[in-house]
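S.K.: Below is the structure I would like to discuss, written out as structure tokens.
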Amino acid sequence: MEKVREIVREGRRVGNEDPRRVVHAFKVGLALAFVSSFYYYQPLYDNFGVNAMWAVMTVVVVFEFSVGATLGKGINRAVATLIAGGLGIGAHHLASLSGPTVEPILLAIFVFIQAALSTFVRFFPRVKARYDYGVLIFILTFALISVSGFREDEILDLAHKRLSTVMMGGVSCVLISIFVCPVWAGQDLHSLLASNFDTLAHFLQEFGEEYFEATEDGDIKEVEKRRRNLERYKSVLNSKSNEEALANFAKWEPRHGVFRFRHPWKQYLAVGALLRQCAYRIDALNSYINSDMQIPMDVKKKLEEPLRRMSSESGKSMKEMSNSLKKMTKSSTSDIHVVNSQSACKTLSTLLKSGILNDVEPLQMISFMTTVSLLIDIVNLTEKISESVHELASAAKFKNKMKSDSVSTSSAVPIKSHEGDSDDDHHVVTILGDVVTSNNEGQSHGESSVDSCHHVAIEINDDDSIHDKHEEDSNVHVQTSRVSCVHTNASDLLNSGDIKK
């Protein structure tokens, strides 16, 4: 009785994890009940006979969880059965011309050659990825048709009935899979990638809080709970096989929703690969949070601000990319956070070169510089991920989040002038809109396009004549500048000569 309760609890858990599994079970039952009528219904049984069981077998082996997997298997089975059936009939006919003595020998040779070549072809990576099941069915069908033909007089009738029942079973699977609560592999891949972005973003945004408070007194249970929550990133480390399988299935799917027939699923794998690289760095970084070799707290506090900004801005960039994927819109907000994290790298570099670690023990310095190096790698990877997401957005034709001709600005907060200054006031405005200064050599300095932020210094002459129709008399000067960020390595900091023991 206890085992029954355990099975029930396990069933509830599996169903609660993904309710679509329950629906899938009913869909498979429906498909099997439908094709079983070929065997139960006498007129259909008279036409197909025992071969009606091939329809049942087809449903059992073809019906998969997603539409793409079902469609891929169904097409593989149908095409393989058709080709193998034709070749099997041809082999039987050719062997029958040699006489009853040589016929079985020739059939055995044909089966051997076909099976050996087909099995070898299965090792080809591209065939293994998409057509492995089809080649397997090809081997099975060819052997069954050619060998059965040796004892069966009506070989054409046998091949026709088997092909017909296989097609009926496959079509039933595909139609039920598409029209009854469909599960799209492409949508699952899209959601998985967005979820991975959220998972890594959570760690990076919480890293500063954990790293700088790990050595402080606090509620042990709360610390452990937060630490377990941080380690959700480990699911990203093992996502490669799942992503590749979903991408392979998605290629078989017809157009559905916002996903076109030739949607750039390969680019999803490229983004996923970069995310896993980032997750590996995060995994290494996580081991240094509670390292015994920590630099003194007073030194750590002096370096806290740039380190927090590096991790938090990278996390915010990941979060923005996740939102961009979920909404399928182009957004440059993530680029702003990337620039901010790179700016924090430069600030940290300046602090380290000032000799702030001169009194730190060598082992403590090594541990800390490893942490810094990993954070810098994560910042640089975040930039690559952002570029890859932009490529995906262009290839998948994501919608523009904001339309503008040249410059789109958000609210600008003027800085008050010093008292007593009535003329020639200077104002500094930070524009956080989707604006970029092009880095292409072929474009003029200051030419704008999408995706960046500017710090704009504006000098305004408050003379009323500025509103006169002769605009050339006004004195308005605008300068733009963009933060220039250089990829920094921890080894560069250590080799600077300013950090010595």
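The values are calculated or read from the model by the stated rules, or taken from the named source; none is laboratory data. Because the structure is a prediction, the values reported are computed rather than measured. All Cβ positions, even for glycine, are placed from backbone atoms using ideal geometry, and neighbour counts span all protein chains on display. Protein only, heavy atoms only, side chains kept; ligands, DNA and RNA dropped before computing areas. Shrake-Rupley method; radii C 1.70, N 1.55, O 1.52, S 1.80 Å.
S.K.: Charges only on Cβ, +1 for Lys and Arg, -1 for Asp and Glu: so what's the dipole of segment 11-122 about the Cα centre, in debye to the nearest 20? Walk me through the numbers before you get to the answer.
M.R.: Numbers: 8 positive and 5 negative charges, 106 e Å.
With only Lys, Arg, Asp and Glu charged at Cβ, the dipole is about 500 debye.
S.K.: Give me the accessible area per residue for segment 290-369, probe 1.4 Å, as a whole number in Å². Write down the numbers at each step before the final one.
M.R.: Working: 3280 Å² over 80 residues.
Ligands and nucleic acids excluded, the result is 41 Å² per residue.
S.K.: Largest first, please: the extent of the C-alpha atoms of segment 1-132 along each principal axis, to the nearest Å.
M.R.: Taking max minus min along each principal axis of the Cα atoms, segment 1-132 gives 65, 45, 31 Å.
S.K.: At 1.4 Å probe size, with every protein chain present, just tell me what the per residue accessible area of segment 1-93 comes to in Å².
M.R.: On the way: 5410 Å² over 93 residues.
Accessible area per residue, segment 1-93: 58 Å².
S.K.: Next question. Test of understanding: what is the full-extension gain from Glu387 to Glu305, defined as 0.36 nm times their sequence separation minus their Cα-Cα distance? Walk me through the numbers before you get to the answer.
M.R.: Working: separation 82, 0.36 × 82 = 29.52 nm, distance 2.65 nm.
In short, 26.9 nm is gained.
S.K.: What full-extension length gain, to one decimal in nm, is calculated for Ile109 and His160 as 0.36 nm per residue of separation minus the Cα-Cα distance?
M.R.: Values: separation 51, 0.36 × 51 = 18.36 nm, distance 2.44 nm.
Roughly 15.9 nm would be gained on extension.
S.K.: How large is the translational diffusion coefficient of segment 223-296 in µm² per second when you combine the Kirkwood radius over alpha carbon pairs with Stokes-Einstein at 25 °C and 0.890 mPa s?
M.R.: On the way: Rh = 14.9 Å.
This corresponds to a translational diffusion coefficient of 165 µm²/s.
S.K.: Just to compare against my own numbers: the Cα pair-distance distribution for segment 74-148, 10 Å bins, whole % per bin, please.
M.R.: 22, 48, 23, 7, 0
S.K.: If you don't mind, another one. Estimate the FRET efficiency between Leu94 and Phe123 by the formula 1/(1 + (r/R0)^6), using the beta-carbon distance for r and 41 Å for R0, to the nearest 0.05. Could the numbers behind the result be given before it?
M.R.: Details: r = 28 Å, r/R0 = 0.69.
Efficiency at R0 = 41 Å is approximately 0.90.
S.K.: Given the convex hull over the Cα atoms of segment 203-340, what projected area results after averaging over all orientations, in nm²? Mind showing how you got there, number by number?
M.R.: Details: hull surface 40.9 nm².
With the hull built on Cα positions only, its mean projection is 10.2 nm².
S.K.: Once R0 is set to 60 Å, what does the formula 1/(1 + (r/R0)^6) return for the Cβ-Cβ distance between Leu237 and Thr101, expressed as a FRET efficiency to the nearest 0.05? Walk me through the numbers before you get to the answer.
M.R.: Values: r = 62 Å, r/R0 = 1.04.
Calculated transfer efficiency: 0.45.
S.K.: Which FRET efficiency, nearest 0.05, do Lys346 and Ala284 yield, Cβ-Cβ r, R0 25 Å? Could the numbers behind the result be given before it?
M.R.: Numbers: r = 23 Å, r/R0 = 0.93.
Between Lys346 and Ala284 the formula returns 0.60.
S.K.: For Val258 and Gln42, compute 0.36 nm times the residue count separating them, minus their Cα-Cα distance, and round to one decimal in nm.
M.R.: Working: separation 216, 0.36 × 216 = 77.76 nm, distance 4.51 nm.
My answer for the length gained is 73.2 nm.
S.K.: Using a probe of 1.4 angstrom, how much of the accessible area of segment 1-147 is carbon and sulfur, in percent? Don't jump to the answer; show the numbers that get you there.
M.R.: On the way: 6310 of 8690 Å².
Answer for segment 1-147: carbon and sulfur cover 73 percent of the accessible area.
S.K.: Here's a follow-up. Over what distance in Å are the Cα centres of segment 137-205 and segment 18-79 separated?
M.R.: If we compute the Cα centre of each part, the gap is 10 Å.
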